[in-house]
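Structure, as structure tokens:
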Amino acid sequence: MRAVIALIAMLSSLLLFVCLLWLTADGSLSARSWEEEAKSATDVTPKGLRKLRSPLTFVQLATQTENRTTLKNAIYQLQQASKCKEMQDNIWSSSIKKKRYSEDYYLQIVTKIQNCTWKRRPEEYTKFRLELASCCDAVHNFIASQNNTPLGSNMSYEVDNKKTILITEDIFRMLPESPPLLGYPFKHCAVVGNGGILKNSSCGAEIDHSDFVFRCNLPPTTGSVSKDVGNKTSLVTVNPSIIAQKYNKLNEKKVTFLENIASYGNAFLLLPAFSFKSNTAASFKVYHTLQEFRAKQRAIFFHPRYLKSLAQFWRTKGVKAYRLSSGFMIASAAIELCENVKLYGFWPFSKTTEEMPISHHYYDNQLPKPGFHAMPKEYNQILQLHGKGILKLQFGKCDSD
């Protein structure tokens, strides 16, 4: 009995081996055409019926169908990629000629771009990063430090460039010894704008998962908005006008200010102390308040040379404004400081692509001063960077899972 069982097992193994050889030989694309295979599969002669009863026939047909479907999908994806590139090239070339930009014009562009699958392009990223580094060098010049701001030197302001400030011992001591953003280059960075497009976006968890999170102008991150904008903050810019208007230049509302910024943890507070002469006192007051109360946050200052170089860089690309927006400055710096950059809440329009009205910010509808920033022109550049695979721009909602 044992011998019989052993013989059956041996024959089964041999049969399995033969089947595997057959599959290996015939599992790839056959030299015969699909029509021949179909004809063979529907052959009703006795020979054909015997072949049809073999399970291997269905395996062969299924394998060939799968291979052909994969090939068709690959061809379709290549065609779509080619169409998207052609579409984007046409958009960029036509937008350069255009002097005025309507909201509807941009929304049409965004709708088309949304239908194209985004793909990071390392070669484009490296090329643009080097271009930025050669002009601006965010790694060494983004933040004013003792390394790039000599004691006793006269620093020119960014915008009030005919005015200078003497770097005294007191000012020099405020500056970090070297660029303070440790961990460069950061793997994944989120640059979070304050656009109303973030409302009900469910992007909070994705933002918080980033290695470094940039925010702009002390936005709210606690309470119900956190599910859309996240809580994590590594660096947040501070407009001195907020310090003057909301906190009375920190003359009476220091405690309120400290309570409000507590939600940012040990983030850097980045101020444009050397952009306008009028910014200096308020920016220094923030620094001294943090020191006085031994707050977790640390005040640092934009280097005016970096901001001037960056403005000149973008001016050559058509962004000619009185001053770049904070979000655009930070996004530019992030490209140099991070390996992967994703932008959230960058949406300078009053409605969505579905014609739904949205507020200017996710927390209010206060509009910027007209003519101060060139938002449509900046957004055009951001769309180009997205289209080239240099950074990724989040449109609308994030995946909630």
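The values are calculated or read from the model by the stated rules, or taken from the named source; none is laboratory data. Quantities reported herein were computed from a predicted structural model and do not represent experimental measurements. Because the Cβ atoms are built from the backbone with ideal geometry, glycine has one as well, and the counts that use them run over all protein chains shown.
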>> Between I242, I167, which is β-branched (V, I, T) and over 28 Å from N147 (Cα atoms)?
In response: I242
>> Looking only at the stretch 287-304, count every residue that is in a helix (DSSP H, G or I) and touching a helix residue (DSSP H, G or I) at 6+ places or on another chain (Cβ under 6 Å) and tell me the total.
In response: 2
> What are the residues in the stretch 227-246 that are part of a helix (DSSP H, G or I) and either in contact with an Asp or Glu (Cβ under 7 Å, 6 or more places away or on another chain) or surrounded by fewer than 21 Cβ atoms within 10 Å (Cβ to Cβ) (or both), if any?
Replying inline: K227, S241, I242, A244, Q245, K246
>> Suppose we filter the stretch 188-221 for residues that are more than 14 Å from the chain's Cα centre (by Cα) and either charged (D, E, K, R) or outside the structural domain of V238 (by TED's automatic domain parsing) (or both); how many remain?
In response: 1
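Table: residues versus (1) farther than 21 Å from F346 by Cβ; (2) under 19 Å from the mean Cα position of the chain (by Cα).
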{"position": "M155", "(1), (2)": "yes, no"}
{"position": "G223", "(1), (2)": "yes, no"}
{"position": "T233", "(1), (2)": "no, yes"}
{"position": "I242", "(1), (2)": "no, no"}
{"position": "K246", "(1), (2)": "yes, no"}
{"position": "L250", "(1), (2)": "yes, no"}
> When the stretch 160-178 is examined, which residues are found to be touching a Phe, Trp or Tyr at 6+ places or on another chain (Cβ under 8 Å) and modelled with pLDDT under 95?
Replying inline: D160
> Of these, L198, L181, which one is at pLDDT below 95 and in contact with a helix residue (DSSP H, G or I) (Cβ under 9 Å, 6 or more places away or on another chain)?
Replying inline: L181
> Looking only at residues in the stretch 167-187 that are surrounded by 10 or more Cβ atoms within 10 Å (Cβ to Cβ) and over 30 Å from the mean Cα position of the chain (by Cα), which one is farthest from I330 (Cα to Cα)?
Replying inline: T168
> Which one of the conditions (1) touching a strand residue (DSSP E or B) at 6+ places or on another chain (Cβ under 7 Å); (2) at pLDDT 95 or above does W347 fail to meet, given that it meets all the rest?
Replying inline: (2)
> Could you say which residue among S178, S224, S201 is of a type in the set (S, T, Y) and in a helix (DSSP H, G or I)?
Replying inline: S224
> If we scan the stretch 278-294, do we find a residue that is in contact (Cβ under 8 Å) with a residue 12 or more places away in the chain, surrounded by 16 or more Cβ atoms within 10 Å (Cβ to Cβ) and under 25 Å from the mean Cα position of the chain (by Cα)?
Replying inline: no
> Which residues, counting only those in the stretch 100-114, are in contact with a helix residue (DSSP H, G or I) (Cβ under 8 Å, 6 or more places away or on another chain) and either assigned to a loop (DSSP other than H, G, I, E, B) or in the same structural domain as A299 (by TED's automatic domain parsing) (or both)?
Replying inline: Y101
>> List the residue pairs whose Cβ atoms are under 6 Å apart, where the first residue sits in the stretch 374-389 and is outside any helix (DSSP H, G or I), the second is hydrophobic (A, V, I, L, M, F, W, C), and the two are 6 or more positions apart or on different chains.
In response: A374/V319; A374/A321
> R173 is checked against (1) of a type in the set (K, R); (2) without any contact (Cβ under 8 Å) to a residue 24 or more places away in the chain; (3) closer than 16 Å to N340 by Cβ and fails just one. What number does that condition carry?
Replying inline: (3)
> Restricting the search to the stretch 247-266, which residues are of a type in the set (S, T, Y) and not in a helix (DSSP H, G or I)?
Replying inline: Y247
